[in-house]
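Participant: Would you mind keeping the following structure in view while I ask a few things?
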Amino acid sequence: MNEAHSTLQDLFNRIPRRHTADNVKEIYGILDAYEDVLKDMEADEKYGPNVAPLFEPLDNIRSTIKASNSPKASKKQKDDLFDEASGALKDEIEAALKL
C-alpha cells in the first residue's frame, strides 16, 4: 500500500485553498481520484474494514464545493465554503494516510 500512501500524499499536496473556477475543477478531480484510491484500499483485506467510514464525508464535501460555486453566493461566502471543503478534504486524506 506504499503506492496508495504516495498517491494520497500527492493528492493532499494538490488541494487548493482559494476559490476560483479552475480550483473548483481541480478539487473535484482530486475528490474523484481520492475516492478511487479508497476503493483500491477497501479491496485490500488489510485495510478494508477501516476504509468504509472514509467514504461517508465525501458527499458533504462535494455539496459544500457545489455551494461555493453558486452564482448567488458572495465572493466571501464562496471563499469560506471552498475553504471549508478543502479543509475537510485535507482532514479526510490525513485520516486515510494514518491507516
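Participant: Looking only at trypsin sites (Lys or Arg not before Pro) in DSSP loops with at most 12 other Cβ atoms within 10 Å, what is the longest site-free stretch of the chain?
Facilitator: 19-45
Participant: Classify region 1-52: rounded, prolate or oblate, from the alpha-carbon gyration tensor (a ≥ b ≥ c, eigenvalue square roots; a/c under 1.5 rounded; otherwise prolate if a/b is larger than b/c)?
Facilitator: prolate
Participant: Which aspartates and glutamates have a Cα lying under 19 Å from the Cα of residue 72, excluding residues fewer than 8 positions away in the same chain?
Facilitator: Cα-Cα hits under 19 Å: 22, 80, 83, 84.
Participant: Additional query: Give me the percent of the accessible area of the chain that comes from carbon and sulfur atoms, probe 1.4 Å, all protein chains in place.
Facilitator: So the carbon and sulfur contribution to the accessible surface is 47 percent.
Participant: Right, something else. At each listed q (0.24 Å⁻¹), what is the log10 of I(q)/I(0) that the Debye formula gives for region 3-98 modelled as equal alpha-carbon point scatterers?
Facilitator: -1.19
Participant: Ok, one more. Normalised by the number of residues in the chain, what is the relative contact order in percent for Cα pairs under 8 Å and 6+ residues apart?
Facilitator: 36 percent
Participant: Leaving out ligands and nucleic acids, and using a 1.4 Å probe, what accessible area per residue does region 14-99 come to in Å²?
Facilitator: 59 Å²
Participant: From the cross-link list 39/98; 25/90; 39/66; 46/90, which pairs have alpha carbons spaced over 18 Å apart?
Facilitator: As for pairs spanning more than 18 Å Cα to Cα, those are 39/66; 46/90.
The values are calculated or read from the model by the stated rules, or taken from the named source; none is laboratory data. Quick caveat: nothing in here was measured; it's all calculated off a predicted structure. As a convention, Cβ positions derive from the backbone with ideal geometry for all residues, glycine included, and neighbour counts pool all protein chains shown. Just so you know, the surface numbers come from the protein's heavy atoms only, side chains and all, with ligands and any DNA or RNA stripped out. Shrake-Rupley method; radii C 1.70, N 1.55, O 1.52, S 1.80 Å.
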